Every structure is written in C-alpha cells, then in structure tokens.
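Q: Have a look at this one before I ask anything.
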Amino acid sequence: MAVYLDCAATSPLDPRVQKEVIKYLSVEFGNAGSRHHAFGQHAKKAVEKARSGVAAVVDATRGEIIFTSGATESNNLAILGLAAHGKQVRKTHIVSTQIEHRSVLEPLEMLSQQGFKVTLVRPDSGGQVQPQTVLEAVHDDTLLVSVMQVNNETGILQPIEEISRLLGKHSAYFHVDAAQGFGKEIGQLLSRRIDLISVSGHKIYAPKGVGALVMRRRNRQRPPLVPLMYGGGQELGLRPGTLPVHLIVGLGKAAELALEECDSRSKQCRKFKKMILEKLKPLNPIFNGDLNLMAPHMINLAFRGISSEEAIDALNGVVAISNGSACTSTFDSCSHVLSAMRLDEHQIDGALRLSWCHFTDRPDWAMFIEAIKKLGEEVKTTNEAPVNLR
Ligand code: PMP
C-alpha cells in the first residue's frame, strides 16, 4: 500500500475528530436553530464550543467566527462580500498576488469585470512575495489586500506578519487565505491587523465540506461584508442555511487539537522533512522554491529530465503524491504559481509536491529511489537513441 504523501490536498481524519462527528451525526442530531428543546439546545451548545475552538487558534472571539463550507467559500465571501462596501465608499482597488489559489483569483477576476482594479503582485523566484512590493501596490483607494499564508503548491510561507506591520493604519482590509497554514503556523495569524482569515477543515484532520471565516473587529466594527446567499439568517445572516452541526463540531475539535499539539506536530513534520531531504539526496532533486521558506509539512521538487506524470506513475504503489497543479499539454493548465516564479520549463514540467503530517508513515525509500533512478535511465536511453533522419 502506497504511503500517502498528499496531505496538502486533504488530510486524514483524526480519530478523535471522527468520534465527535459521528456523535453529532447520530445521537445528538438536533438542529442548532431549534431553541425549544434539548436536542436543539445541545446542538447549539456544541456549535458555540466549536466556534470558541476555532477562535482560540487565532486569538479571536467567538463572535468573530462564522462557519462556511470550506476555504473556497470563505475566500469568495471575504472578497465578493466586501465589494458592495467598496463601491459605496469608492474604494475599488484590490491588491493580491499571482500565486493565490483559484478560489481567490476567480472572485478577483469577477470583480475586475465589474470595474474593480486588481493588482496581482509577482513572487520572486524563491516563491515569496516581497512585503514592500505589496505595500507599494497599495493606494488610497485600495479596499482590500489579500495574501495567502502558505502556498498550496510550493509550501512557501508568505510574509504575513511583515505585511500586517507595513499596512499599519491604512484603511484597506487585510484578508489571508490560511487554508494551508491555519492550526500549523499559529504565530503568523495572531496579528489583529488581519481582518479576514479563511479556514478549511479538511487540511487539519477534520472532514471535507466545512470551514470558517474569521472576521476580526477593528474599532469594534466587523468588516462590512454582505452575504452571497439569502435565507434563514444563520451565521449573522452572512451564511444562511441549517448548520451542519457534525461537521462544525469536527472542525472545532480539530482546531482545539491543532492548538494543543501544534508544537509536537511541527517537530514531527520537520523531522520527516529532514529525512526526505537526506533520503532523496542521491537523486539530486531540484527544489521549486526556497527550501528555507517551505512550511515543515510540504516540499516541491523535480528530478532532472523526468516529468511529473512519469514520476507519479513510476511511484505508484510506493507513495501517493501530486504534481501540485496539473501541468499538461496546454499552457493554461500549467501551474500558474511556478510560472509566476519564472522557473525553468523542465522544473515546472517535473514539479512534484510531497506533503505529509504527524500521521504519516515512513515510505519505502529504497523503492522510491530505485523507481526514479530506473526512470532516469530510461529517459537517458530514449534521449540517446539514434535519430533516423530520413
Ligand atoms: N486555498 C488554498 C490555499 C487551498 O490549498 C485550498 C484547498 N486546496 C483552498 C483554498 C480551498 O479549500 P476548500 O477545499 O476548503 O474549499
């Protein structure tokens, strides 16, 4: 059985989270909106406990958290939900980066079609955007600055604390897509200058289909978001619909555990990374991004002359990995992140993302190395084969 090295795509479910999810799916199945009986009251209490659990990770208050279906929805709500206010106060400029997830880039594209001006800052070749460059793009009419915490393809940590500091008293709202870093890189998200934080449950050992949006108050005022859907008024009217109590409880439990165990998990991940780097040394990997800036649980690399698809195929049964973002025949499907870093074509074509967590077993490194070496030999032989010129 292959060892799962794709935790950045989705993480395994923590058994302690699973236990809570099942309890609120079966025994405690009440609707958190049913105020008149114990079934509903228990559900409501569990939701509020989960809210506190999520809030604690970023030092926010319960009232600053709303539950969503995941980071995609949170990103959409943070960006599209702010647009009406922007139009009202005539602030229609947004600053973001070229390496954001599609769930940030596409809502931004939507707003640019509605007349907003969007500046996307380019990263350096190491995969990081420079805080000063972000700040230079911010003007008086900037409504929002949106920068991700950890890039989902390269694992590169973005300078969130520095951007928070530089933004200082500027009126622009600051949104951070923290899908890959929430509960892992705790310190970065504590700055009160960050107004909006997107969270995803299935990256922190909770189920898929649940997430949160942190909406910090500034001078007692919440960011002036309007909802994307209308209905029953749940979640401050910003995310109407019956709450999926079991999923929310799962996210809350996962957040609690992440906070408690963050140091030990991080240590384990660093140890695992050290092992990977040691084991793969004989294959001379090329790192896609600055190795020193990659989060402890992720790495993006390429093996000279080997495409990501060939490598993934050859490693089938040894490890389950991804190429970060499909880079196939058409340029459009090529990684926009690695392209923005202006990496060589062969690095982009060969990009492999390996991502792990504290649950990850040791892969069979000998088999891994053998598979890649064999592939390397095959590629070499094919390239050296005499060409029939006729
Ligand atoms: N942002 C980033 C950086 C991500 O990695 C992901 C998930 N791949 C998302 C947003 C979307 O998260 P979700 O699956 O919870 O919608």
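Q: Just flag the trypsin sites (Lys or Arg not before Pro) in the stretch 112-211 sitting in loop per DSSP whose Cβ has no more than 10 other Cβ atoms within 10 Å.
A: Those satisfying the criteria are Lys169.
Q: Can you list the trypsin sites (Lys or Arg not before Pro) in the stretch 7-68 that are in a DSSP coil and have 10 or fewer other beta carbons within 10 angstrom?
A: Arg35
Q: Per residue, how much accessible area does the stretch 40-163 have with a 1.4 Å probe, in Å²?
A: Ligands and nucleic acids excluded, the result is 37 Å² per residue.
Q: Same structure again: For a quick check of understanding: with a 1.4 angstrom probe and all protein chains in place, what accessible area in square angstrom does His246 have, to the nearest ten?
A: 50 Å²
Q: Nearest-5 percent of antiparallel DSSP beta bridges in the chain?
A: Working: 19 of 36 bridges.
Close to 55 percent.
Q: Where a Cα-Cα gap under 19 Å defines reach, which aspartates and glutamates qualify for Lys49, not counting those fewer than 8 residues away within the same chain?
A: List returned: Asp14, Glu20, Glu28, Asp59, Glu64, Glu235, Glu256, Glu260, Glu261.
Q: Hey, another quick one. In square nanometres, what is the average projected area of the Cα convex hull of the chain?
A: Spelled out: convex hull of the Cα atoms, projected over all directions, averaged, 21.9 nm².
Q: Quantify, in whole percent, the carbon and sulfur part of the accessible surface of the stretch 139-226 (1.4 Å probe; protein heavy atoms only).
A: The nonpolar share, carbon plus sulfur, comes to 48 percent.
Q: When the helices in the chain are scored as -39500 (n - 2.57) per DSSP H run of 4 or longer and the sum is shared across all residues, what 222 nm value do you end up with, to the nearest 500 deg cm²/dmol?
A: Using -39500 (n - 2.57) per qualifying helix, the result is -12500 deg cm²/dmol.
Q: If you average the alpha carbon positions of the stretch 268-303 and of the stretch 344-380, how far apart do those two centres end up, in angstrom?
A: About 11 Å separates the Cα centre of the stretch 268-303 from the one of the stretch 344-380.
Q: Tell me which lysines have Cα within less than 25 Å of Lys267's Cα, excluding those fewer than 8 residues away on the same chain?
A: Candidates past the 8-residue exclusion: Lys184, Lys203, Lys253, Lys279, Lys281.
Q: With springs only between Cα atoms under 10 Å apart, run a GNM on the chain and tell me which of Thr142, Thr92, Thr242 wobbles the most.
A: With Cα springs under 10 Å in the chain, the top fluctuation among Thr142, Thr92, Thr242 is at Thr242.
The values are calculated or read from the model by the stated rules, or taken from the named source; none is laboratory data. Worth saying up front: this structure is predicted, and the values here are computed from it rather than measured. All Cβ positions, glycine included, derive from the backbone under ideal geometry; neighbour counts span all protein chains shown. Accessible surface is based on the protein model in full, side chains and every heavy atom, while ligands, DNA and RNA are left aside. Shrake-Rupley method; radii C 1.70, N 1.55, O 1.52, S 1.80 Å.
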